Amino acid sequence: MPVQVDQLIHPEWIIPVIPENLILTEHSLVVKGGRIDAILPTEQAKLHYQTDQDIALPGQVLIPGLVNTHTHAAMALLRGLADDMPLMTWLNEHIWPAEAKWVNEEFIHDGSQLAIAEMLLSGTTCFNDMYFFPDITGRVANQAGIRAVLGLIVIDFPSAWASDGDDYLHKGLQVHDQFRTNPLIHTAFAPHAPYSVANPVLEQIRTFADELEIPIHMHVHETHDEIVQGLQNHGSRPLARLDTLGLLSPSLAAVHMTHLEKQEIDLFAASGAHVVHCPESNQKLASGFCPVAELIGAGINVALGTDGAASNNDLDMLSEMRGAALLAKGVAGNASTLPAAKALSMATINGAAALGLQQETGSLEVGKSADMIAVDLNRINTQPVYHPISQLVYAAGREQVTHVWVAGRLLVSEGRLTTLDEDRLIDRTNQWRDRILAADADQ
């Protein structure tokens, strides 16, 4: 007698990501209790299982949900406010004044909703955030049904969220306690950068992260100026300082890493820490190029992130995959550098590993959470399909994402959000635009 399950999904192709470069045809995926119960030939699936949700996806590829390993979600409300400017002009004259004036619980709520809606429609099922009021972002994420890692942000400067390092840590620990039993909402300490967090606070973060067994998520070696500041203020390059403080460990997810010397790559590889590559943001802000080929060659786990929509200007992980692959080839001068399957791993299982979630998400394996997306390759721009992974990375667009599940819950169905009101979101966003633009014009 067939076993009753929650869902049977029959795509044209299944790409489990582990093992890398494997493509399954005429296979189905079985969901039960929010987890992947089986992946097996379609004929066997129909014989052994029955369900009220039998989903046929001809011409579509089923892959793990994408993991956006670095973003500032609520900054989606600042998308396009100030473009094509030098970094410090952009920050000093537009972004920081806007944040000082507008960042509050309402801003974070609406900005997080906007970002989560965009990420879901783009196929992201898990995001790693770094911004103020992480409790509000966590609440919004939980309501939307997306998996999130809340950055317990720490910075030496006062903000609407906290007054100083100790206050940031205190409030961050409260957020961790608030969500510690939530299966979808996780936490990570998020010291902003080496130049913006003092040594005593970084040492406290290291101790707390070890005790709570959660990651540390931090901007590191993002620009050349950061390194100059490190040498002037601390007598060492930032990475060496972090090593001295004991922060280089498998718990660290270092974001950007665009300016590295050979010995630093070797040091980082020996530590077991992870790199989060944000190719589009780095190019737009002219921050530099992350040496992805050298990092991978040294055995370092490299994940992908979009950064915030204020500096990207989108939260599109499919685009980020393509950009990462093409940029790596150009920087290395080698067309075989970072092949499509490796780019897909960076956007899925590598991100999960950087966040300590590789046992839960990032690949389609029996027992893991049913976090997955379907992408329709039966479109003009992805035809003909010789190799589904290549088409996915080099040709597909986010508008081809048709279905998105997190823990077996359908959050996007036929390209439409199921847990968020898109029309209301656009209306609220337009209200914010009018307010922010009027204030920015007075700067």
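The values are calculated or read from the model by the stated rules, or taken from the named source; none is laboratory data. Model, not experiment: these values are computed from the prediction. Note that we place each Cβ from the backbone using ideal geometry, even for glycine, and neighbour counts take in every protein chain shown. Heavy atoms of the whole protein, side chains included, go into the accessibility calculation; ligands, DNA and RNA do not. Shrake-Rupley method; radii C 1.70, N 1.55, O 1.52, S 1.80 Å.
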request  = Read through the list (1) in a loop (DSSP other than H, G, I, E, B); (2) exposed (fewer than 14 other Cβ atoms within 10 Å of the Cβ), then give the number of the only condition that residue 44 fails.
outcome  = (1)
task = Of all residues in segment 267-281, count the ones that are open to solvent by 10 Å² or more (accessible area, probe 1.4 Å) and either in a strand (DSSP E or B) or modelled with pLDDT under 95 (or both).
result = 1
query = Is there a residue being polar (S, T, N, Q) and either out of contact with any Pro (no Cβ under 7 Å at 6 or more places or on another chain) or within 26 Å of residue 165 (Cα to Cα) (or both) anywhere in segment 82-94?
reply = yes
Inter-residue pairs, beta-carbon under 8 Å, first among the acidic types (Asp, Glu) and in segment 238-264, second open to solvent by 40 Å² or more (accessible area, probe 1.4 Å) and assigned to a helix (DSSP H, G or I), 6+ apart = 243/267; 264/240
task = Kindly indicate the residue of segment 85-115 that is of a type in the set (Phe, Trp, Tyr) and open to solvent by less than 40 Å² (accessible area, probe 1.4 Å) and also farthest from residue 149 (Cα to Cα) among those meeting that condition.
result = 90
message = What are the pairs with Cβ atoms under 6 angstrom where one residue, in segment 169-197, is over 21 Å from residue 307 (Cα atoms) and touching a residue at least 12 places away in the same chain (Cβ under 8 Å) and the other, located anywhere, is open to solvent by less than 50 Å² (accessible area, probe 1.4 Å) and in a helix (DSSP H, G or I)? Sequence gap at least six, or different chains.
response = 175/134; 175/135; 179/138
query = Of all residues in segment 378-409 being of a type in the set (S, T, N, Q) and assigned to a loop (DSSP other than H, G, I, E, B), which is surrounded by the fewest Cβ atoms within 10 Å (Cβ to Cβ)?
reply = 383
inquiry  = For the structure I just gave you, tell me whether residue 55 is aliphatic (A, V, I, L, M), part of a helix (DSSP H, G or I), in contact (Cβ under 8 Å) with a residue 60 or more places away in the chain and more than 17 Å from residue 362 (Cα to Cα).
reply    = no
query = Taking residue 344, is it touching a Pro at 6+ places or on another chain (Cβ under 8 Å) and closer than 12 Å to residue 18 by Cβ?
reply = no
key: Residues of segment 282-321 classified as of a type in the set (Gly, Ala, Ser), at pLDDT 95 or above and closer than 17 Å to residue 260 by Cβ, total   = 5
note = Quick count over segment 69-112, residues being outside any helix (DSSP H, G or I), under 30 Å from residue 357 (Cα atoms) and acidic (Asp, Glu), is 0
query = Within the bounds of segment 26-41, is there any residue that is in contact (Cβ under 8 Å) with a residue 24 or more places away in the chain, touching a Phe, Trp or Tyr at 6+ places or on another chain (Cβ under 8 Å) and open to solvent by less than 10 Å² (accessible area, probe 1.4 Å)?
reply = yes
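Residue-by-condition table, conditions (1) closer than 30 Å to residue 329 by Cβ; (2) aliphatic (A, V, I, L, M); (3) in contact (Cβ under 8 Å) with a residue 24 or more places away in the chain:
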{"position": "353", "(1), (2), (3)": "yes, yes, yes"}
{"position": "364", "(1), (2), (3)": "yes, yes, yes"}
{"position": "398", "(1), (2), (3)": "yes, no, yes"}
{"position": "423", "(1), (2), (3)": "no, no, no"}
